[in-house]
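The values are calculated or read from the model by the stated rules, or taken from the named source; none is laboratory data. Computed from a predicted structure; not experimentally measured. Every residue, glycine as well, gets a Cβ built from its backbone with ideal geometry; the counts of neighbours run over all protein chains shown.
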Amino acid sequence: MTFDWTNARKILDGEVLSVILPVHNLGGAVADNLESVASCFDDGGFRYELVPVDDGSADASAAEIRTYADAFASRHGERASCRPVLIAKNAGKGSALKAGFGASSGGYVLLLDGDLDIAPKMLPKFFDSMAKNGSDIVVGSKRHPESSVQYPWHRRLASAIYFGLVRLVVGLPVTDTQTGMKLFRRRVLGEALERMLVKTYAFDLELLSIAYERGAKVSEAPVEIRFGQKFGALKPRTVREMMTDTLAVFYRLRILHYYAKVEVPPPLSKNPFVSVVIACPAGSWMLDECLKGLSEQTYRDFEVIVLPDQPLPSNSQLTTPNSQFPTYNFQLSVIPTGKVRPAEKRNAGIASAKGDVVAFIDDDAYPDARWLENAVKYFSEQTIGAVGGPGVTPPGDGFLSQAGGRVYENLLVSGNYRYRYKAGGVRRDVDDYPSCNLFVRKSLLDSFGGYRTDFWPGEDTLLCKDVIDSGKRIVYDPWIVVYHHRRALFAPHLRQLGRYAFHRGYFCKCYPSNSLHASYFVPTLFVLYLLLLLLTTAITPFLMPNFPHGGPECLLPILFILWQPMNLYLLLVAVTTFSFNPIRWLMTALGVFLTHVWYGIRFICGLCASKAPCEYIGRDHV
């Protein structure tokens with residue numbers, strides 16, 4: 001089949017076409033796939049760049065991409081280039097495409113799945129559609145009358161069902177959203193990517209929905225798909241998450257009108273230098289993991305300041321990089337502080353920081369590869385004083401730690417604050433955020449002297465209070481991700497939770513501006529209800545004989561009514577903690593119940609206390 005590139009050359013008119021190809025575990029095929037794309041476009045007579053994005057592959061994909069890119073220019077001349085993007089940890093298609101877009105430079109951008117199930121040779125048809133319809137976006141469609149599709153029946157069925165759902169709840173004027181070949185004008189794609197939240201299964205739907213709502217004109221073009229022998233069964237979890245993400249897009253689009261209102265900061269005039277401050281008692285494997293994550297950052301204008309109690313051993317990789325330990329590709333300072341509170345450590349880090357922005361991360365957390373890149377852009381907006389993002393449970397944590405993470409992510413535990421522990425949600429202004437993932441302007445920290453040093457934990461709540469009191473905003477963005485190791489159920493989890501609850505109760509009384517929220521009182525009300533329920537249940541058998549006529553019919557209805565909230569509570573716990581693994585289900589459900597009880601008890605203790613215990617020196621590391 002012969003294709004005419006006339007419309008492609010006319011539309012590009014000297015502009016570069018950027019081809020972003022997300023790749024995951026395609027070792028052995030990725031170089032051949034890239035060469036197929038390049039060979040196809042070499043005949044077009046226009047300039048193009050390939051941007052392969054390896055999304056944390058566990059095989060040799062990254063090495064193959066790097067080798068291919070090194071030899072690319074010698075085979076394809078000056079009109080073409082190859083700009084690889086290598087992401088250390090898998091973060092989903094959405095994150096990969098955003099990273100690829102950031103590395104690209106073309107005025108037009110083609111998104112093309114790296115497995116090449118979709119033939120790139122159909123690209124001229126996309127430009128033909130763009131020319132004919134004046135489109136800003138051209139979407140490849142399996143349902144286009146000119147498409148040639150070899151696709152398993154179960155995939156066809158799933159695609160048809162999903163298409164019906166999309167037309168019903170979103171109303172996009174296309175017959176297919178999921179085919180992995182789409183052509184965009186750069187401005188349109190950039191504006192949509194800045195507003196996106198979905199990172200995985202409904203990424204394509206959200207991207208198109210945002211662009212269409214903002215006035216982009218969308219048309220379709222035929223594709224050629226050869227799915228081959230791959231069966232590609234859809235897992236129940238994949239289907240569930242796809243449906244959840246799709247309904248979330250509908251809710252944000254049609255109910256919240258979020259995409260029309262979301263804040264996009266203006267471009268930075270220059271990249272701010274960032275000082276990353278890590279307070280820790282000593283070196284550990286978790287600190288090493290954190291530093292490795294920092295070495296993989298896509299944003300490079302930063303330093304790292306580590307603040308242990310004592311000088312680190314002479315064989316530490318922080319002090320003696322050699323053949324056994326890696327040399328970090330950033331400026332690293334290690335400042336021993338003695339055994340002091342985390343707030344005092346962080347203040348020492350602030351005093352030594354050279355950056356315009358100070359980023360706080362705990363030593364038991366490690367950052368996503370685009371952590372710094374996604375955060376610094378907000379500091380172009382002068383009303384913003386601080387930004388933060390979710391602390392997600394690492395996928396490699398042990399069973400009990402994963403269970404602790406599931407408890408924190410549970411709707412009944414964290415309520416409207418789930419965004420702190422679970423990736424997703426919407427951008428928002430907040431008035432309190434933990435220091436495990438917090439960026440603050442250095443000038444602002446200097447203006448009020450950094451952290452209060454008479455509290456731990458809770459010092460970050462007071463820091464956020466100072467930020468708000470200064471007239472600046474704190475912004476949460478779900479893309480600013482760190483992976484935060486959880487305390488294991490049950491004792492370590494409850495011990496940490498008890499400290500937080502006590503200080504929250506104390507702060508509700510002493511510092512109410514960003515702590516006096518009704519939701520913090522709910523666990524204590526639950527504990528009081530439990531006491532009433534247990535007391536009533538216990539004394540009813542003793543009171544019944546003293547009532548006239550035996551009296552059971554007088555007390556039993558009251559007891560029955562008292563038990564109904566508890567029955568509803570247990571049902572909600574069972575539903576929100578459900579897992580196909582019965583042990584995980586039981587452990588999480590019990591963890592939720594004990595979390596409510598212990599938080600409620602410790603909160604009331606803090607509310608009634610005249611002084612927080614950790615105002616005294618010596619209670620820092622528990």
Subset of the stretch 422-448 (residues that are free of Cβ contacts under 8 Å to residues at least 40 places away in the same chain and either part of a loop (DSSP other than H, G, I, E, B) or closer than 19 Å to H517 by Cβ (or both)): K422
Hits in the stretch 55-83 (condition: over 20 Å from S95 (Cα atoms) and hydroxyl-bearing (S, T, Y)): T67, Y68, S74, S81
Top-ranked residue of the stretch 87-105 - restricted to ones that are farther than 15 Å from L207 by Cβ and crowded, with 20+ Cβ neighbours inside 10 Å, ranked as modelled with the lowest pLDDT: A91
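Please tell me if S519 is surrounded by fewer than 20 Cβ atoms within 10 Å (Cβ to Cβ) and under 25 Å from the mean Cα position of the chain (by Cα). Lay out the reasoning, then the answer.
Values: surrounded by fewer than 20 Cβ atoms within 10 Å (Cβ to Cβ): yes; under 25 Å from the mean Cα position of the chain (by Cα): yes.
Judged against the criteria, S519 is a match.
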Tally, over the stretch 59-86, of residues that are of a type in the set (V, I, T) and surrounded by 20 or more Cβ atoms within 10 Å (Cβ to Cβ): 2
From the options T461, T453, residue that is closer than 26 Å to L525 by Cβ and either part of a strand (DSSP E or B) or more than 15 Å from the chain's Cα centre (by Cα) (or both): T461
Filter pass, L50 being crowded, with 23+ Cβ neighbours inside 10 Å, assigned by TED's automatic domain parsing to the domain that holds G190 and more than 26 Å from P394 (Cα to Cα): yes
Some residue of the stretch 340-347 being in contact with a strand residue (DSSP E or B) (Cβ under 6 Å, 6 or more places away or on another chain), modelled with pLDDT of 90 or more, not in a helix (DSSP H, G or I) and not hydroxyl-bearing (S, T, Y): no
Of residues in the stretch 354-372 being in contact with a Lys or Arg (Cβ under 7 Å, 6 or more places away or on another chain) and more than 18 Å from K292 (Cβ to Cβ), the one surrounded by the fewest Cβ atoms within 10 Å (Cβ to Cβ): D356
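Counting only residues that are assigned to a loop (DSSP other than H, G, I, E, B), within 15 Å of Y68 (Cβ to Cβ) and touching a strand residue (DSSP E or B) at 6+ places or on another chain (Cβ under 9 Å), how many does the stretch 8-43 have? Talk me through it step by step, then tell me what you get.
Going through the stretch 8-43, the residues assigned to a loop (DSSP other than H, G, I, E, B) turn out to be 13-16, 24-29, 43.
Adding the requirement that they be within 15 Å of Y68 (Cβ to Cβ) leaves 26-29.
If we keep only those that are touching a strand residue (DSSP E or B) at 6+ places or on another chain (Cβ under 9 Å) as well, we get 26.
Of the residues in the stretch 8-43, 1 are assigned to a loop (DSSP other than H, G, I, E, B), within 15 Å of Y68 (Cβ to Cβ) and touching a strand residue (DSSP E or B) at 6+ places or on another chain (Cβ under 9 Å).
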Helices (runs of 4 or more DSSP H) completely within the stretch 180-298 that count 3 or more residues being outside the structural domain of N347 (by TED's automatic domain parsing) and at pLDDT below 85: 236-250
Filtered residues of the stretch 485-525 (kept if at pLDDT below 90 and part of a loop (DSSP other than H, G, I, E, B)): Y511, S515, L516, H517
Residue in the stretch 15-33 that is modelled with the lowest pLDDT, counting only those that are in contact with a helix residue (DSSP H, G or I) (Cβ under 7 Å, 6 or more places away or on another chain) and over 21 Å from A80 (Cα atoms): G27
